[in-house]
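A short worksheet on the structure shown next.
The values are calculated or read from the model by the stated rules, or taken from the named source; none is laboratory data. Note that the coordinates shown come from a computational prediction; the quantities given were computed from them, not determined experimentally. When we count neighbours, we look across all protein chains shown, and the Cβ atoms used for this are built from the backbone with ideal geometry, even at glycine. Just the protein is used for accessible areas: all its heavy atoms, side chains included, with ligands, DNA and RNA removed. Shrake-Rupley method; radii C 1.70, N 1.55, O 1.52, S 1.80 Å.
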Amino acid sequence: MNNEKIKLKKVYDKEEVDSIIRDVMDDFNNRKQERRAFELNWQLNINFLLGNQYSYITNDGEIDTNEKQYFWQQHEVFNHIAPIIETRLSKLSRVRPSMTVIPTSDDDKDIYSAKLSKNIIKGLQHRINMNQILTEGTKWSEICGTAFYKVYWNGKGGVQIGVDEVGNKINSGDVEIAAVPPYEIYPKTISCDSIEGQTSIIHAKALHVDTIKAMWGVDVNPEDIDVLSLENVSSVGGLGYSSSSM
């Protein structure tokens with residue numbers, strides 16, 4: 001008997017895989033439905049910010065707009081919300097949180113390690129353009145009342161340190177930080193207001209099928225979904241007045 005290590009790999013059959021997918025999708029749909037009321041308020045806030053002051057939430061749980069009942073009625077908009085938000089974002093852009101590292105003791109080695117770690121953090125923030133990430137997160141927070149910052153490890157980042165057996169590049173990896181709008185976050189329960197109290201959180205993001213193919217090498221069928229963004233705003237209006245719509 002030799003001492004070679006045998007690697008065992010669990011093989012899932014199709015029925016087991018389908019069952020896991022169904023459970024995940026059912027859980028996701030339940031979270032979606034539970035979060036529906038918050039999402040409607042976020043959409044209404046965005047409409048008000050963009051100038052759709054006649055928008056409202058219907059009894060069916062949709063966003064609708066009160067139209068003119070007669071042709072002679074005026075439908076002008078006086079948007080007092082957008083200037084307030086823009087002023088707040090301008091002030092908050094000058095107030096940036098700064099991360100620091102505190103030594104655990106007055107030993108010279110600890111003090112030197114703290115200074116070195118602080119410089120590493122500063123270099124990382126500059127490399128990933130942390131100022132722009134904070135700006136995007138602050139914008140979502142002002143509009144929706146909340147925003148998230150996701151810190152994750154990018155295995156394809158960093159510098160190349162070698163190649164694998166088929167010639168693919170192997171990188172050292174790097175830390176990445178992304179500003180995540182609340183639309184993409186689905187907690188286990190909305191009754192808990194802290195992340196620490198959540199047993200699980202689903203981060204659902206819409207990706208193009210080509211992006212999925214490039215990242216995971218899997219072909220998926222495309223489908224039409226509604227994606228909310230602060231960009232791509234078109235102007236509509238009449239009688240010399242204009243407003244904006246998503």
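So the check is Cβ under 8 Å with 6+ separation or different chains; which pairs have a first residue in the stretch 165-185 that's under 13 Å from VAL151 (Cβ atoms) and a second one that's open to solvent by 20 Å² or more (accessible area, probe 1.4 Å) and part of a loop (DSSP other than H, G, I, E, B)?
That search, which allows pairs on different chains as well, returns ASP174/GLY158; VAL175/ILE128; GLU176/ILE128; ILE177/ILE128; ALA179/ALA147; VAL180/ALA147.
Which of the residues belonging to the stretch 102-119 are open to solvent by 90 Å² or more (accessible area, probe 1.4 Å) and either modelled with pLDDT of 90 or more or closer than 30 Å to ASN47 by Cα (or both)?
Step one: filter the stretch 102-119 for residues open to solvent by 90 Å² or more (accessible area, probe 1.4 Å), giving 102, 104, 106, 108-109, 112, 115, 119.
Across the stretch 102-119, the qualifying residues are ILE102, ASP108, LYS109, TYR112, LYS115, ASN119.
Is it the case that ILE46 is outside any strand (DSSP E or B) and touching a helix residue (DSSP H, G or I) at 6+ places or on another chain (Cβ under 8 Å)?
Values: outside any strand (DSSP E or B): yes; touching a helix residue (DSSP H, G or I) at 6+ places or on another chain (Cβ under 8 Å): yes.
Here the answer is yes, as ILE46 does meet what is asked.
Name the helices (runs of 4 or more DSSP H) wholly within the stretch 71-154 that hold at least 3 residues that are among the polar types (S, T, N, Q)? Spell out the reasoning first.
Values: elements: 81-92, 108-127, 130-144.
Result: 108-127, 130-144.
The rows are residues; the columns are (1) under 29 Å from PRO83 (Cα atoms); (2) of a type in the set (A, V, I, L, M).
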position: LEU116; (1), (2): no, yes
position: ILE120; (1), (2): no, yes
position: THR138; (1), (2): yes, no
position: GLY158; (1), (2): no, no
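Just give me the residues in the stretch 72-101 being loosely packed, with under 10 Cβ neighbours inside 10 Å and among the hydrophobic types (A, V, I, L, M, F, W, C), in sequence order.
TRP72, PHE78, VAL95
Taking the stretch 27-86 as the search range and keeping residues that are touching a Lys or Arg at 6+ places or on another chain (Cβ under 9 Å) and in contact (Cβ under 8 Å) with a residue 60 or more places away in the chain, which one is farthest from THR189 (Cα to Cα)?
Once the filter is applied, the top-ranked residue is GLN74.
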